[in-house]
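Colleague: Could you have a look at this structure, given as structure tokens, before my questions?
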Amino acid sequence: MIWARYRLSRRTIRAIMRREFTDVLRDRRSLLLTFLWPISMLLLYGYGIRYDINNVPLTVLDYDRSSHSRLLVEQMIESGYFQLVRQAEHYGDVERDLITGASQAALVIPPDFARRLRAGEVVTLQALFDGTDSNTATIAQSYVLAMVTSFGARLEVAHLERQSAAAGISVASRVWYNPELQSVNFIVPGVIAVIMMIVGAILTALSIVKEKERGTIEQVLVSPIRPLELMIGKIVPYVLIALLDLTLVITAGYFVFGVPIKGSLWQLAVFSVLYLTASLGIGVFVSTIADTMQSAMLAAIFISLLPAVLLSGFVFPLEHMPVGIRALSYFFPGRYFVTAIRGIYLKGVGLEVLWPEALMLAAFSAGIVWLSASRFQEKLG
Amino acid sequence: MTDLEFAVDVRGLTRVFDHFVAVDHIDLRVRRGLVFGFLGPNGAGKSTTIRMLCGILRPTAGSGTVGGFDLWRESEALKSRLGYMSQKFSLYEDLTVEENLQFFAGVYNVHGSQRRRRIAWALEMAGLVGREHVLTRDLAAGWRQRLALGCAVLHEPPLLFLDEPTSGVDPLSRRRFWEMIAELSDRGVTVFVTTHYMDEAEHCDELALIYAGKVVACGSPAQLKSEHVPHALLELTPSPLMPAYAALKEAPGVLGVAIFGDRLHVTVADADQAKQDLPLFLGQRGIVVSKVDRIEPSLEDAFVAIIEQSGVQER
């Protein structure tokens, strides 16, 4: 008899699930939100946010006018990252170009450039950047550095070959994991994190609070349905939708943007399910604190979406955040998921490296599911 | 439940919200098989009471049984034996008529041939045959109420709670709805219905009046009228109204005066005497009386009297 209390009715759960599906499929807005939106978000972020840059307008002031200095400038232009705006005659031109915005970067080559290179001395070049667009400036800076270094290294190699003298030190820097520094490779995993949060947390919370707001929940609660049956019936449809969205984004990422998955698919699935559990937990939790759809939307955005965008490393690198904010990011599942999924996507690593993330995600999921389930039971039971 | 005398039998039922006592130690006994009307103005505590009886709201205090199940310990078992329909229209508006019926059949675990039979019955009863695929949102209010009632009784509950089922519905639909209630009652269903329409209260076998959280009277409509309005009642149409109201309060042989629209209901000891005296009495004070009739007391008269006698303060 005692087990009868815990036996769940499949029929009841099925009735709730069917209604939930009908609701999503019949409402054009929720249909857009669940299917069109993830894809448009991927396209928007994929084409819109670019961390890599091309054709940075560059002003060059070449005091040396030697073959070496011309070679350096040529190589920079040929790389495609820079576009020569002007060969300046005076330092004043450089300043004016940066102030007017005609150029975003400037390179000043000293008069004794070629001579000192040949003598094997250290040469200092001056590179100036327009810092008002700090993002471009930072990236352009790293490009200039990389190119000057590689120019120096090549010269050195040529030098060594000619003299076959003792080995010098050369700096060879290479970018790993994302060799073309393509931001879309970075973005697809981030988009997955955000979409799973939206479907898992926001849609689930809204679907429950909608019933509270319209009063239909009362009619359901007066029936012999158990809170657990109601919760399962409400959640399963969104799990399926989220998994469908996940597949959609991965496929679109692969075919539209050519983002391959280096790691294993099933590990990606394991992390996704863990993360999805966390976001569903957040969704149910929000539904127990909010009484109107509007407040549920706000609460869900604050608790789930914003951290998933801002504190996950998706848009802003976590290493560059102030300590306090970075500390905050440890309390949200986004950072673990984004770290893990990027690892799987780009580095091809798996649980042997990502187990701390897996553990943290599992712990977070277990905690939030326990919290929200007990609150749900208490509020509705 | 067949050998149960009272479908609802609770004592000292109380609910406090923060510091507001919504329902204040009420005792209710509803004989099985009756249509029991629970009357009171808005905010008197009708919905709070009904929600406690249905097990969706925990009482602050009180004890008793509903449908033979203990209010505290067996509320889960009770839930499969009762039907509930609330004033707030509580069907899924974005589902069709049939989908709503299917949904509630699923929730109440009505399945197989019984599901088909009950859904067909509900469609028939609500007059919705042929409209199975209409979106519920597109139905007129009267149809929706009938559909909601159909959904609430799919599982054939012996006890039915209706919380202001006819609010916001046109008079014709209201009458239709009460015919459905009568039909259910004929089949032996105990119906507990709240309302603030006096004409609806007349349809009930028994009534309880709740005012400011307290039950101030119980009994059949006839009982309430005869017990609380023992004297004769005259209806006067005086002009001007307010001076007549003030004057009659002081008139000899007058026990009570109440305003009903542009008329006065005057409680008197001797109807025939007063019918002659009162127009003269008012005429002396420059008030014209165009009409005087002896009337049967209505429930409204009874309730005005009950509330005055009870001494419960409005809140």
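Colleague: For the stretch A:188-227, what are the residues that are among the hydroxyl-bearing types (Ser, Thr, Tyr) and over 28 Å from residue A:247 (Cα atoms)?
Modeller: A:216, A:223
Colleague: Can you find a residue that is in contact with a Pro (Cβ under 7 Å, 6 or more places away or on another chain) and within 26 Å of residue B:220 (Cβ to Cβ) anywhere in the stretch B:9-28?
Modeller: Yes.
Colleague: Then there is this: Among the residues of the stretch A:24-39, how many are within 18 Å of residue A:235 (Cβ to Cβ) and open to solvent by 100 Å² or more (accessible area, probe 1.4 Å)?
Modeller: Adding up the residues that qualify gives 1.
Colleague: Let me ask something else about it. Can you find even one residue in the stretch B:290-311 that is buried (at least 16 other Cβ atoms within 10 Å of the Cβ), in contact (Cβ under 8 Å) with a residue 12 or more places away in the chain, farther than 30 Å from residue B:196 by Cβ and more than 33 Å from the chain's Cα centre (by Cα)?
Modeller: no
Colleague: Scan the stretch B:159-179 for residues that are open to solvent by less than 30 Å² (accessible area, probe 1.4 Å) and of a type outside the set (Ser, Thr, Tyr) and jot them down.
Modeller: Of everything in the stretch B:159-179, those that are open to solvent by less than 30 Å² (accessible area, probe 1.4 Å) and of a type outside the set (Ser, Thr, Tyr) turn out to be B:159, B:160, B:161, B:162, B:163, B:164, B:165, B:169, B:177, B:178.
Colleague: Wholly within the stretch A:1-69, which helices (runs of 4 or more DSSP H) include no fewer than the required count, namely at least 1 residues that are closer than 27 Å to residue A:256 by Cβ and modelled with pLDDT under 75? Talk me through it step by step, then tell me what you get.
Modeller: Working: elements: A:10-26, A:28-31, A:37-48.
By residue number, A:37-48.
Colleague: Which residues, taken from the stretch B:72-109, are among the charged types (D, E, K, R) and within 8 Å of chain A (Cβ to nearest Cβ)?
Modeller: Once the filter is applied, which keeps residues that are among the charged types (D, E, K, R) and within 8 Å of chain A (Cβ to nearest Cβ), the stretch B:72-109 yields B:76, B:79, B:88, B:93, B:94, B:99.
Colleague: Residues of the stretch B:110-133 being within 14 Å of chain A (Cβ to nearest Cβ) and surrounded by fewer than 17 Cβ atoms within 10 Å (Cβ to Cβ), which ones?
Modeller: Of everything in the stretch B:110-133, those that are within 14 Å of chain A (Cβ to nearest Cβ) and surrounded by fewer than 17 Cβ atoms within 10 Å (Cβ to Cβ) turn out to be B:111, B:112, B:114, B:133.
Colleague: Also: Got a sec? Which helices (runs of 4 or more DSSP H) wholly within the stretch A:281-381 have at least 3 residues that are surrounded by 21 or more Cβ atoms within 10 Å (Cβ to Cβ)?
Modeller: In the stretch A:281-381, A:333-342, A:351-380 are the helices (runs of 4 or more DSSP H) which contain 3 or more residues that are surrounded by 21 or more Cβ atoms within 10 Å (Cβ to Cβ).
Colleague: Here is a follow-up. Residue check, residue B:267 against (1) in a helix (DSSP H, G or I); (2) open to solvent by less than 60 Å² (accessible area, probe 1.4 Å); (3) without any contact (Cβ under 8 Å) to a residue 40 or more places away in the chain, all met but one. Which one?
Modeller: Evaluating residue B:267 over (1) in a helix (DSSP H, G or I); (2) open to solvent by less than 60 Å² (accessible area, probe 1.4 Å); (3) without any contact (Cβ under 8 Å) to a residue 40 or more places away in the chain leaves (1) as the failure.
Colleague: For residues that are hydrophobic (A, V, I, L, M, F, W, C) and over 24 Å from residue A:47 (Cα atoms), scanning just the stretch A:244-267, find the one that is least open to solvent (accessible area, probe 1.4 Å).
Modeller: A:265
Colleague: Select the helices (runs of 4 or more DSSP H) contained entirely in the stretch B:124-213, then report the ones holding at least 3 residues which are out of contact with any Ser or Thr (no Cβ under 8 Å at 6 or more places or on another chain) and in contact (Cβ under 8 Å) with a residue 12 or more places away in the chain. Talk me through it step by step, then tell me what you get.
Modeller: Details: elements: B:141-152, B:171-186, B:198-201.
Answer list for the stretch B:124-213: B:141-152, B:171-186.
Colleague: Among the residues of the stretch B:18-28, write down those that are open to solvent by 10 Å² or more (accessible area, probe 1.4 Å) and in contact (Cβ under 8 Å) with a residue 24 or more places away in the chain.
Modeller: B:21, B:24, B:25, B:27, listed by residue number.
Colleague: Right, something else. Just to be sure, is residue B:73 open to solvent by 30 Å² or more (accessible area, probe 1.4 Å), modelled with pLDDT of 90 or more and not acidic (Asp, Glu)?
Modeller: no
Colleague: Only one residue in B:182, B:217, B:148 is closer than 23 Å to residue B:54 by Cβ and crowded, with 17+ Cβ neighbours inside 10 Å. Which one?
Modeller: B:148
Colleague: Ok, one more. Restricting attention to the stretch A:106-137, report how many residues are outside any loop (DSSP other than H, G, I, E, B) and surrounded by 14 or more Cβ atoms within 10 Å (Cβ to Cβ).
Modeller: Count: 14.
The values are calculated or read from the model by the stated rules, or taken from the named source; none is laboratory data. This one's a predicted model, so the numbers in the text were calculated from it and none came from an experiment. Methodologically, a virtual Cβ is constructed for each residue, glycine included, from the backbone with ideal geometry; neighbour enumeration extends over all protein chains shown. All accessible areas refer to the heavy atoms of the entire protein, side chains included, with ligands and DNA or RNA removed. Shrake-Rupley method; radii C 1.70, N 1.55, O 1.52, S 1.80 Å.
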